[in-house]
Each structure stands twice: as C-alpha cells, then as structure tokens.
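Nothing in this text is a laboratory measurement; each read-out follows from the coordinates by a stated rule. These figures come from a predicted structure and were not determined experimentally. Note that we place each Cβ from the backbone using ideal geometry, even for glycine, and neighbour counts take in every protein chain shown.
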Amino acid sequence: MSQRTIMHIDLDAFFVSVEQASNPELRGKPVVVGGKPDRRGVVATASYEARAFGLHSGMPLATALRLCPQAIFIEGNYQRYAEVSKKFMAILADFSPFLEPTGLDEAYLDATGFESLHGSIRQMALKIKQRVKDELGIVASVGIATCKVVAKAASDESKPDGLIEVPPGGESAFLAPLAIRKLPGVGKKTEQVLTGLGIRTIGQLARMPLPALKSRFGVFGDMLYRHANGTDDSPVTSPAEAKSISRETTFEEDTRDNVLLSATLRYLTERVGADLRELRKQAKCVSIKVRYADFTTITRQCTLPQLTDVDQTVFQTGNELLQKAVTADRRAIRLIGIGVSSLSEPGKQLSLMNSAEQRLERLNRATDRIRDKYGFTAIQTGRTIRLR
Ligand code: TTP
Ligand code: MG
C-alpha cells in the first residue's frame, strides 16, 4: 500500500466543552457532566480543570465530589451533544470526503494528497482546529500519521488542545515510550494480562516474539503486534451507504379499497423518490410488500429496463405489481409498502469527461454522500428503512 496520511480528530472533554461553550460561567472551572453527586451514577466526562483533581470518565459521582468538592455537577443534555456532533462532522466533511466517524466527538480523515490544498497537512489540521473553535466554541486535538492506530494514539497524546504529527518512519519510535494502555484497542483486561507478562510500554510489546503473543491472544495477538510496531493497513471507511430505500404504512382498518391502496402507494412512492434524489441515486429494482389481515406477507419485485429516480416510473411499476397481487388474492390488506433497490449513481458518460473532471465529480459526490448521510440519519424517524 502506498503511503497514506491519516488524521484522527477528537474533541477535548466533549460534553463539558459543549456546556462551557454555551455558558461562559463554566469556563476555566472544574465541571462534571453526569449528574448531581447525590445520585448514583458515574462521571460521563470531566473538564481538564477537574481532571487535575483526579476526576475521570466512569468514576462514581460520589467519589468525584469527595476528590473535588468545588466541582460543578451538570446533568447533561445528550440531544444537544448529538446536534453539536453533527455540526462537527459536517465541518470535517468540508475538508475531506474520506471520513470515518468513530464516536460522537471523534473521526478519522484520510488526508492523503491534501497537503497541496493547504500548504501542508499541519496547516490543514490547524484550519480544522480553527473552524471547530470558531463555529462550535470547542477545542479539537489532532493526530497525524501514516495509519489509523498511530494517528489516534497521537491525538490522545497531544491533548488538551494538541496537534502531533508523527513523521513517516517514526511510528514505532513515537509509540515505544508510551504505556500499553495508550495503544488503541488495549483495554483494562489486555493491560492486566500484558502487565502480568512484565510488559508496560508499547515498545516492550513491539519487541515480544509474535508467536508468544499469538499463543496468548490468538488473532488479537497478531493485531497487537502489528499495532505496537506502528503498522495498520485498515482503511478509513465512510459509513455504509444505503442499499435500498423503502416506506410502508399500516392502515387504520384493513382494506380492500383499490383507490385507497393506489393513493397510499403513490404517497409512499413520493417519499421514497425524494430520498432517492436526495441521495443522488437511481434505482434498477422496484418492490412492493403487502401484508394481509392475518399477517401473512408477500413481496413482489420487478427489475426496470433502465435506472430511474422518477416517482412516476417507480409508482407505475409498483402499482402494476400491487394490482396483480390484489387481483390474485382478494383478502383485506393491513399494510402496504414500496421500496427501491439496486441503487447506483446516475449514469454518466465517463468516456466523454476528462479525468480531472471525473475526479472532481467523484469528490463532489462523495461529499454529498456524507452530507446526505448525516441528514438522512437525522430524519430517520421510522420513515426510512435502510437495509444493509
Ligand atoms: P472521549 O473523547 O473519550 O472523552 P472526552 O471528549 O470527554 O475527553 P478527551 O477526549 O479530551 O479525553 O469521549 C467523548 C464523550 O463521550 C465524553 O465527552 C463523554 C462521553 N463518555 C461517556 O459518557 N462515558 C465514558 O466513559 C467516556 C470515556 C466518554
Ligand atoms: Mg474527546
């Protein structure tokens, strides 16, 4: 694999930072999100001021109060954190379409070849940090390396308000002095086992004979070995794309009314069509679902002669399938649904476009895909069913 440039971006003290951004009185103070200390429960996150007193995520609130009586304890607003997370990911998507969110406040970004756009990858990282600061009022830490595992270890190590760039070839030298729990993927259990073997640093782990790690940890040992040596081929993978789009509805009363059935199918088709176009996809296959009063369910599908994102075409095809089904079986119907699958990008005459245009097209489409994806998930209130 040719050399890559991977960034790991992680927000500092995320939940607390959101609170501090909207309430200046909390800034610069020991703050805990997780709840009032008179309740059972644990610290979700502590501000860096509170961490100075030994507070950390997962600590019982009562212990946190004992260690830091002056701390301000906040219940937290998880919906807000999800909203801020969406904005954060949208900022990152402006920088590269090759984006893999791995939590509310962290993501990998493949920045291979992006230095020319920003002067250097370091400049790119600084711009990301600045935009997150300006637009969200939150500090992001960034790690840059040739692979994911080292990039993540670097962003962790850089905190708070950090930026560490591990030069290509410097991976194992960077990791070697770090405690083994700093190796992404090493949890409490693995740490215990490794400590039992006398291994405390990632450097010591990297020098272990591979067979010894394999016999101890199985396939995981193999991964530990590679990661400890700063090698990790895993790609930055954008979230799975929709493979199909469908809508269905249950009637208030079971029905044989053909007009109602068709009208409902039309309505559902329009919802499906809107999603399809928002995703900038076209479909080759239309299917319907019919559930009878006794819950027996049938599906019928039809492959179109060509790709489409036109409601009319999808509806006509779906309605023909529906009409055949109701003619063949007169039972009352409880639910109908319509879906499209075999999705692809709208056809392009690639041969007529030069390769630079093609690359831009791909880049734009990939960006749209990520943006659509975030909007898509956000409005997924039981209206959209995505099958994987
Ligand atoms: P982290 O990124 O692990 O932690 P953090 O952002 O609070 O602090 P930093 O990255 O600077 O070390 O987790 C992100 C959010 O996830 C965190 O703000 C709160 C939540 N969280 C929990 O609710 N419980 C936990 O045990 C952890 C680790 C995080
Ligand atoms: Mg964080």
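With the charge dipole of region 180-289 set up from +1 on Lys and Arg Cβ and -1 on Asp and Glu Cβ about the Cα centre, the Cα lying farthest toward the positive end among the listed residues 264, 196, 221 is that of 196. Of the residues 74, 336, the one with the fewest other Cβ atoms within 10 Å heads the list, and the complete ranking is 74, 336.
Here the relative contact order of the chain, from alpha carbon pairs under 8 Å that lie six or more residues apart, stands at 15 percent.
Derived scalar couplings between HN and Hα for region 64-73 equal 4, 5, 5, 6, 9, x, 7, 5, 9, 9 Hz in order, rounded to whole Hz, by the Karplus curve 6.51 cos²θ - 1.76 cosθ + 1.60 (θ = phi - 60°), x for Gly and Pro.
Across region 150-290, C-alpha contacts under 8 Å between residues 6 or more apart give a mean separation that, scaled by the residue count, equals a relative contact order of 17 percent.
To the nearest 20 debye, what charge dipole does the chain have about its Cα centre, counting +1 at the Cβ of each Lys and Arg and -1 at the Cβ of each Asp and Glu? Don't skip to the answer; put the middle values down first.
On the way: 54 positive and 44 negative charges, 160 e Å.
That gives the chain a dipole magnitude of about 780 debye.
For the peptides 127-137, 43-53, 290-300, the ranking by mean Cβ contacts within 10 Å, running from highest to lowest, is 43-53, 127-137, 290-300.
By count of other Cβ within 10 Å, fewest leading, how are 313, 249 ordered? Present the calculation step by step, with values, prior to reporting the outcome.
On the way: 313 18, 249 15.
Ordered by Cβ neighbours within 10 Å, fewest first: 249, 313.
For the chain, what are the DSSP H helices with axial Cα length of 20 Å or more and mean Kyte-Doolittle hydropathy of at least -1.0? Please report the intermediate quantities before stating the final value.
Numbers: long enough: 78-95 (26 Å, -0.04); 121-136 (22 Å, -0.64); 258-278 (30 Å, -0.02); 311-328 (25 Å, -0.28); 355-378 (34 Å, -1.29).
Helices passing the filter in the chain: 78-95, 121-136, 258-278, 311-328.
What's the whole-number percent of alpha carbon pairs in region 169-240 lying beyond 19 angstrom? Intermediate results must be reported in sequence, preceding the final value.
Details: 747 of 2556 pairs.
Tail of the P(r) past 19 Å holds 29 percent of the pairs.
For region 1-165, the equivalent ellipsoid derived from the Cα gyration tensor has semi-axes of 32, 15, 13 Å, listed largest first.
What is region 37-137's relative contact order, in percent, from Cα pairs under 8 angstrom and six or more apart in sequence? Walk me through the intermediate numbers first.
Details: 84 pairs, mean separation 17.8, N = 101.
It comes to 18 percent, rounded to a whole number.
In this structure, the amide hydrogen of residue 112, modeled 1.01 Å from its nitrogen in the peptide plane, lies closer than 5 angstrom to those of 5, counting only residues at least 5 positions away or on a different chain.
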